[in-house]
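> Once you've had a glance at the structure underneath, I'll fire off some questions.
The values are calculated or read from the model by the stated rules, or taken from the named source; none is laboratory data. All values derive from a computational prediction rather than experimental measurement. No Cβ is skipped: glycine too gets one built from the backbone with ideal geometry, and neighbour counts run over all protein chains shown. Note: accessible area is taken over every heavy atom of the protein model, side chains too, but ligands, DNA and RNA are not part of it. Shrake-Rupley method; radii C 1.70, N 1.55, O 1.52, S 1.80 Å.
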Amino acid sequence: MSYFDYKKGQLYCEGIPIKSLAAKFGTPLYVYSTHALTGQFKILTRLFAGQRPLICYSVKANSNLAILKLLIGQGAGLDIVSGGELYRAQKAGCPAKRIVYASVGKTKKEIEEAVRYGILMFNAESLSELRVLDAVAGRLKKKVKVALRFNPDIEPGTHAYITTGKKETKFGLDEYTLQAVYLHPAAYPHLSIEGIHMHIGSQITKAAGFVKAVKKVKTLIARLDRRGISVKTLNIGGGLGIPYDEEENSVVDEVKKQVIPFLKGMKVRLIIEPGRFIAGNSGVMVTRVIYVKDTPHKRFVIVDGAMNDLARPSLYGAYHRIIPVSRNARRTTLDARRVDVVGPVCETGDFLGKNRDLNVTEGEYLCVMSAGAYGFTMSSQYNSRCRAAEVLVNGTNARLIRKRETYKDLITKELV
Ligand code: LLP
């Protein structure tokens, strides 16, 4: 069910017309639906009901404190990748024992902060990192739990930039290095190496890659088992794709039929790290048309949201549906013109959508759909543009969860 739908020609988020939010809070504006977020979390709980995993929501997808708090309240843990995300996790009140920490470049300082906080587990990605982890744990007199990130060399069938489980990528350890670490734990006396972690990529819409990865890791776990080593935790990462287009199907059914059977009977504690699946279709970016510009070649719809607000179209050529906030009854699709929806940033790569059939007038609001994940978190102040505001809707209630930045915010850290 969608929590972003038209009623009498007006686009709503839950019980509130988006037009009224745009008028009240200004644009560009990120709008999130509480029930969409919790609903997606519940879908995963049901999907993995037989495994009862710890669901560590991936903070990078959308790290607003209000959203973290909401999900923590639903029982989620958090998957973090930096000291900054650890700080957010703490501020959102996440119990330490529900935090897992991945990243190829954790610094000594970041490791120390996380060890002190007492997080559940580090997902270690190199031998050098293991040495630093061990040294820090020793110095702080702690036994630190570690999962080794496995690079299974698998093609997940997604954009190259977000493919993370192939041997050419910087992530994880190959199976031989991983086994060697498991077989010689005495090299790291202050670590308890008890899990395997994987994350093969993001926006994966076919189960085939997951199936191959789970098969591979199952073989690896069995091989270790034969050598007397029991792997206690298996973290299969995130990566579940979402439909960005109305016609696309969700990957959930395929995962249910093809992946879950492989997990059955495995004697491991399961962890998953979904980000986009929870947040992606739970949020939109609302933007206002500044000008409609016709050239002999093309019509440009110039809006007040840009690549600095939503980088995905520019960065990955990603498709986001763009729809009017108010459907005008007098307007028909016959009036629609093929347009490029572009922002004010001074780059040709600054577009939100290309070749869209839209009939718009200056001043009206448009909604960029599926912007809840990797939207605000990847936004910047490029072109000295103030970052957008964020609003969380719950029924007929709307709460500002991040204020729009001001010009002062742009220079606050600068020294002259
Ligand atoms: N776990 C690890 C170790 C990750 O690196 C990621 C995402 C996740 C979990 C969550 O993945 P998800 O469930 O959201 O697919 N900026 C890109 C996506 C980058 C994903 C990076 N890692 C985009 O806008 O498509």
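> Name the pairs: first residue in the stretch 346-358 and assigned to a loop (DSSP other than H, G, I, E, B), second residue surrounded by 10 or more Cβ atoms within 10 Å (Cβ to Cβ) and of a type outside the set (A, V, I, L, M), Cβ to Cβ under 7 Å, at least 6 apart or on different chains?
From the stretch 346-358, the pairs are 346/383; 349/314; 350/314; 350/343.
> Considering only the stretch 167-194, how many residues are more than 14 Å from the ligand (Cβ to nearest atom), touching a strand residue (DSSP E or B) at 6+ places or on another chain (Cβ under 9 Å) and either in a loop (DSSP other than H, G, I, E, B) or of a type in the set (Lys, Arg) (or both)?
Residues that pass the stated criteria total 3.
> Among (1) open to solvent by less than 10 Å² (accessible area, probe 1.4 Å); (2) farther than 30 Å from residue 41 by Cβ; (3) among the small types (Gly, Ala, Ser), where does residue 326 come up short?
Tallying (1) open to solvent by less than 10 Å² (accessible area, probe 1.4 Å); (2) farther than 30 Å from residue 41 by Cβ; (3) among the small types (Gly, Ala, Ser), residue 326 fails exactly one: (1).
> Within the stretch 220-245, count every residue that is under 21 Å from residue 152 (Cα atoms) and either part of a loop (DSSP other than H, G, I, E, B) or touching a His at 6+ places or on another chain (Cβ under 9 Å) (or both).
13
> Also: Being in contact with a helix residue (DSSP H, G or I) (Cβ under 8 Å, 6 or more places away or on another chain) and assigned to a loop (DSSP other than H, G, I, E, B) is the filter here, so list the residues in the stretch 195-213 that pass it.
Passing the criteria: 198, 200, 202, 203, 206, 207.
> Just give me the residues in the stretch 388-408 being open to solvent by 60 Å² or more (accessible area, probe 1.4 Å) and out of contact with any strand residue (DSSP E or B) (no Cβ under 7 Å at 6 or more places or on another chain), in sequence order.
394, 397, 406, 407, 408
> Does residue 84 qualify as being touching a residue at least 12 places away in the same chain (Cβ under 8 Å) and either away from the ligand (no atom under 13 Å from the Cβ) or surrounded by 21 or more Cβ atoms within 10 Å (Cβ to Cβ) (or both)?
When the stated conditions are applied, residue 84 does not pass them.
> Could you tell me which of the residues 337, 356 is surrounded by fewer than 17 Cβ atoms within 10 Å (Cβ to Cβ) and of a type outside the set (S, T, N, Q)?
337
> What is the one condition in (1) closer than 21 Å to residue 232 by Cα; (2) of a type outside the set (Ser, Thr, Tyr); (3) away from the ligand (no atom under 16 Å from the Cβ) that residue 135 does not satisfy?
All conditions are met except number (1).
> Which condition does residue 343 not pass, out of (1) farther than 30 Å from residue 39 by Cα; (2) surrounded by fewer than 22 Cβ atoms within 10 Å (Cβ to Cβ); (3) in contact (Cβ under 8 Å) with a residue 12 or more places away in the chain, if it passes all the others?
Answer for residue 343: the failing condition is (2).
> Among strands (runs of 3 or more DSSP E) lying entirely in the stretch 246-318, which contain 3 or more residues that are open to solvent by 10 Å² or more (accessible area, probe 1.4 Å), more than 13 Å from the ligand (Cβ to nearest atom) and of a type outside the set (Asp, Glu)?
283-294, 299-303
> Please list, ordered by first then second residue, the pairs with beta carbon atoms under 8 Å, 6 or more apart or interchain, first in the stretch 142-169 and more than 16 Å from residue 129 (Cα to Cα), second away from the ligand (no atom under 12 Å from the Cβ) and β-branched (Val, Ile, Thr).
Close Cβ pairs (under 8 Å, with a partner that is away from the ligand (no atom under 12 Å from the Cβ) and β-branched (Val, Ile, Thr)) amount to 142/115; 152/217; 165/154; 166/154.
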